[in-house]
Amino acid sequence: MTVPADERDDGLGLIELIVAIVVSGIVLAGIATIFVRSWQTQEQVISVSEATNRGQLVASGIERAVRNSLFSQVSDSGRVLRVSTSLPGGLKCQGFRLSSDSGGTARFSASATALGADTAWAEWETGVLPQGTTPFFSKSIDGVVTYTFQIETESAPVRFTGTVASRSVQEGDNDSCWL
């Protein structure tokens, strides 16, 4: 028995198959582009988030020391902050050294007794850089300390600036923590 031409199923023609492949390719390319851009955005967000956490760690350490300071001193062209605190034990004498050398490094030193000028500074955080020509630390006449730094990321730098004053009574203009 012969099937009439209008009831016959000839399947996909070559033109229809090519059109289906091209349309599928365009859709898959769009999905791949969205996936890649989402991945890049996620990496940037993670990088900025990690830089923010590292910067907050540095800033909170500086603020805690200065808030509890009995004496503070900014030296080395605004790169070093030395603090004698009212905190007990190994946090009585604290020092913070921020440097733009080697990609930027924040260093920290602490002791219960005096720390000399040649004290070994432990590396604390990396990627800490100045904001332009602004010094890392400055101190006003009334003892208020301002810190300014940024941490570089792949997308944009994360900037940190803060002003903090001591809650304690300042003990003159010298201290036994730093010889």
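Scanning segment 130-179 for residues being out of contact with any helix residue (DSSP H, G or I) (no Cβ under 6 Å at 6 or more places or on another chain), modelled with pLDDT of 90 or more and in a strand (DSSP E or B) gives a total of 10. Each residue in segment 43-86 was checked for being among the hydrophobic types (A, V, I, L, M, F, W, C) and under 16 Å from Val145 (Cβ atoms), and 11 pass. Filtering segment 59-90 to residues that are in a strand (DSSP E or B) and not basic (Lys, Arg) leaves Ser69, Leu70, Phe71, Ser72, Gln73, Val74, Ser75, Val80, Leu81, Val83, Ser84, Thr85. The residue that is modelled with the lowest pLDDT, among those in segment 102-129 that are within 20 Å of the chain's Cα centre (by Cα) and exposed (fewer than 13 other Cβ atoms within 10 Å of the Cβ), is Ser102.
Scanning for something in contact with a Leu (Cβ under 8 Å, 6 or more places away or on another chain) and in a helix (DSSP H, G or I), does segment 20-35 turn up at least one residue? Yes, segment 20-35 contains at least one residue that is in contact with a Leu (Cβ under 8 Å, 6 or more places away or on another chain) and in a helix (DSSP H, G or I).
The values are calculated or read from the model by the stated rules, or taken from the named source; none is laboratory data. The structure presented is a predicted model; accordingly, all values stated were derived computationally and were not measured. Virtual Cβ from ideal backbone geometry, glycine too; neighbours counted across all protein chains shown.
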